[in-house]
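Report on one structure; see the data block that follows.
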Amino acid sequence: MQDSSSNNGKVGLSNLGNTCYMNSSIQCLSNTYELTRFFLDRKYKDLIDREWKNPLGTEGRLVKAWAKLTGEMWRSNQQVVRPELFKRFLGEYNVTFQGYGQHDSQECINTILDFISEDLYKGEKKPYVEQTETEGKSDEVASYEAWNKHILRNESFIQDLFAGQFRSKLTCSVCKRVSITFDPFSMVSVPIVSVNYVEVDGYLMSYHIDENYQNFKWKFTMRDD
Ligand SMILES: [Zn+2]
């Protein structure tokens, strides 16, 4: 995305009150290459300009504000950008973010991705889907079916880029009946190990919830150099 005359995403964001939580969320998403590429290439246009508006979205307003912000961060030569318009729409559609107080960055990222995903939903309306019955099915089949149902109501570029599935297995302690479900997620919380300092160049490789439904287990690759 290099362009010698512009800032290429290396910009500061002004605090609008205690909005550092939002600025860190924006920086985090802005540096997600595929997402920024998608917006700089204006691939969202057709989905925003059509007649049908998803009632769970923002009628494309948050997407347009995000596109404008992305453009200012990557295609201008400003050193500092004020994410004012974006902040206004975010607060308008989710009252949690209306004021200028502190909030949680993870919640903020989730909200941004949710709204953009709804605005970029590829369907024409949201079909009703029933819960998938997984009993007697292989994991491959059950996972595939659960994913297809999720996509029927949520298909969007955001889901393509960020969503995955949790497999959870629950065994009834009385009748020993086993229930397996596949639930979509777009964010994974990773616990920070309490050691002095660890340099991690990590990629989440795989994970599972253990048989007792108690501990999350994570596997990372880390580089030593
Ligand atoms: Zn039971």
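Every read-out reported here was derived from the displayed coordinates using simple, explicitly stated rules and does not represent laboratory data. For clarity, every value in this text was computed on a predicted model and none was experimentally measured. All Cβ positions, glycine included, derive from the backbone under ideal geometry; neighbour counts span all protein chains shown.
Results, tabulated for the structure shown:
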| read-out | value |
| --- | --- |
| Three-way shape call for segment 1-110 based on the alpha-carbon gyration tensor, with the a/c threshold at 1.5 | oblate |
| Gyration tensor over alpha-carbon atoms, segment 1-57, equivalent ellipsoid semi-axes in Å | 25, 19, 9 |
| Neighbour-count order for Ser105, Ser5, fewest beta carbons within 10 angstrom listed first | Ser5, Ser105 |
| Additional length obtainable on full extension of the chain from Gln78 to Val95, 0.36 nm per residue less Cα span | 3.1 nm |
| Proximal lysines relative to Lys45, as straight alpha-carbon distance under 22 Å, when same-chain residues fewer than 8 apart are discounted | Lys53, Lys64, Lys68, Lys87, Lys122, Lys125, Lys126 |
| Summed side-chain charge close to Arg177 - residues other than Arg177 whose Cβ falls under 14 Å, Lys, Arg +1, Asp, Glu -1 | 0 |
| For Gln165, distant residues with modelled amide H under 5 Å away | Phe185 |
| Per-residue HN-Hα couplings for segment 156-167 [Karplus 6.51, -1.76, 1.60; θ = phi - 60°; Hz; x = Gly/Pro] | 6, 4, 5, 5, 4, 7, 10, 8, x, 10, 8, 9 |
